[in-house]
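Report on the following structure.
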Amino acid sequence: MGRNFLRAAKARPHFVGYLNACRCELYKIKSTRSSYVTVFFSALAIVGLSVAVCTLYSVRSDHLSLYRLAATDPVFLSLSGTFLAQLGVVVFAVLSVTNEYGYGTIVTSLLLEPKRIRFALAKITVVVCVILLSSLLSLTAAFVFGERILSAKFHVIGMTSFTAVRTVVGAALYLSALGAICGGLSLIIRRTSGAIAAVFAILLVVPLIASLLPAPWDTDITRYLPSSAGVVLVHASHPANMMSPAASLLLLLFYSCVCIAGGLYFICRRDG
């Protein structure tokens, strides 16, 4: 028991230092105007696009075929704004890291927090937590509004159902994982334009190139992309030729860990 107490006492200063680093990173985000703009854009995109799509489907439901009506996923329509919100999430996560390199304040930050790994982890942790919290609130509102709009024409589920909770939380975790990927790549590239271009290449260009490949290479490659994992998590039903929701979460976790590990390696090598 005495040994456990000593170990806890030794570990506590490290945890307190990590919390202090997180507080500093949160203050940096709060003091930057672009953070408010990008987070607000993401929330507006989630709610606005979802409401618009659900309204269009509700109005045009009488003109849809029976096959199209049966194939329509009301949950996916209610959370369709997730994919437009990716723009704001990517910009927010990248700017939260690269702004310090652009303004040259990274030198001061590393002098105040000499432990590079703790500095980088605290920055990514705060970015992911901000994205997760704002996404959960926005996605919940989008789901409630969307289901209420679609309830007159489609069979909808309640917010308290397991499927609703799974999709809302899954969509929020997808955006949070995207923020972690952006944070890791930003530490590697250290340039705003380069990091944003790299992320959008992963989200947009690589899936397009994969879709041009002959079968079965197109589906075999597409199912392992981060964007495909996001599609799975937003759907209530399981899309064809895609991984399961649990496997998609693990895939996103793998990509996040790889990018963060790369960022930690480069910040220690280049800024040490």
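No value in this document is a laboratory result; all are computed from the given coordinates. Nothing here was measured: the structure is a model prediction, and the numbers come from that model. No Cβ is skipped: glycine too gets one built from the backbone with ideal geometry, and neighbour counts run over all protein chains shown.
When we screen 116, 148 for residues that are without any contact (Cβ under 8 Å) to a residue 40 or more places away in the chain and basic (Lys, Arg), the only hit is 148. Listed by position, the helices (runs of 4 or more DSSP H) inside segment 16-127 whose residues that are out of contact with any Cys (no Cβ under 9 Å at 6 or more places or on another chain) and under 24 Å from residue 230 (Cα atoms) number at least 3 are 33-59, 66-71, 82-103. Taking the criterion of being in contact with an Asp or Glu (Cβ under 7 Å, 6 or more places away or on another chain), surrounded by 16 or more Cβ atoms within 10 Å (Cβ to Cβ) and small (Gly, Ala, Ser), the only residue of segment 217-266 that qualifies is 236.
Residue by residue, here is whether (1) within 17 Å of the chain's Cα centre (by Cα); (2) of a type in the set (Ser, Thr, Tyr); (3) farther than 30 Å from residue 58 by Cα holds:
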residue: 116; (1), (2), (3): no, no, yes
residue: 162; (1), (2), (3): no, no, no
residue: 188; (1), (2), (3): no, no, yes
residue: 201; (1), (2), (3): yes, no, yes
residue: 205; (1), (2), (3): no, no, yes
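Looking only at residues in segment 25-39 that are touching a residue at least 40 places away in the same chain (Cβ under 8 Å) and hydrophobic (A, V, I, L, M, F, W, C), the one that is surrounded by the fewest Cβ atoms within 10 Å (Cβ to Cβ) is 26.
Consider residue 200 carefully, then state whether it is of a type outside the set (Asp, Glu), closer than 25 Å to residue 122 by Cβ and touching a residue at least 24 places away in the same chain (Cβ under 8 Å). Taking the combined requirement at face value, the residue does not satisfy it.
For segment 143-151, does any single residue satisfy the condition of being out of contact with any Asp or Glu (no Cβ under 7 Å at 6 or more places or on another chain), farther than 12 Å from residue 74 by Cα and surrounded by 24 or more Cβ atoms within 10 Å (Cβ to Cβ)? So far as segment 143-151 goes, no, none of its residues is out of contact with any Asp or Glu (no Cβ under 7 Å at 6 or more places or on another chain), farther than 12 Å from residue 74 by Cα and surrounded by 24 or more Cβ atoms within 10 Å (Cβ to Cβ). Condition (residue is surrounded by 18 or more Cβ atoms within 10 Å (Cβ to Cβ), among the aromatic types (Phe, Trp, Tyr), under 30 Å from residue 267 (Cα atoms) and in contact with a Leu (Cβ under 6 Å, 6 or more places away or on another chain)) applied to segment 116-123: is it met by at least one residue? Looking through segment 116-123, none of the residues is surrounded by 18 or more Cβ atoms within 10 Å (Cβ to Cβ), among the aromatic types (Phe, Trp, Tyr), under 30 Å from residue 267 (Cα atoms) and in contact with a Leu (Cβ under 6 Å, 6 or more places away or on another chain). Of the conditions (1) crowded, with 23+ Cβ neighbours inside 10 Å; (2) in contact with a Leu (Cβ under 9 Å, 6 or more places away or on another chain), residue 83 satisfies every one except a single condition; which number is it? The single condition residue 83 does not satisfy is (1). When we screen 236, 215, 246, 201 for residues that are out of contact with any helix residue (DSSP H, G or I) (no Cβ under 6 Å at 6 or more places or on another chain) and in a loop (DSSP other than H, G, I, E, B), the only hit is 215. Is there a residue being part of a helix (DSSP H, G or I) and either of a type outside the set (A, V, I, L, M, F, W, C) or within 20 Å of the chain's Cα centre (by Cα) (or both) anywhere in segment 150-160? Among the residues of segment 150-160, not one is part of a helix (DSSP H, G or I) and either of a type outside the set (A, V, I, L, M, F, W, C) or within 20 Å of the chain's Cα centre (by Cα) (or both), which makes the answer no. Pairs linking a residue in segment 71-90 that is in contact (Cβ under 8 Å) with a residue 12 or more places away in the chain and farther than 18 Å from residue 132 by Cβ to a residue that is assigned to a loop (DSSP other than H, G, I, E, B) and of a type in the set (S, T, N, Q), with Cβ atoms under 8 Å and 6 or more positions apart or on different chains, are 73/237.
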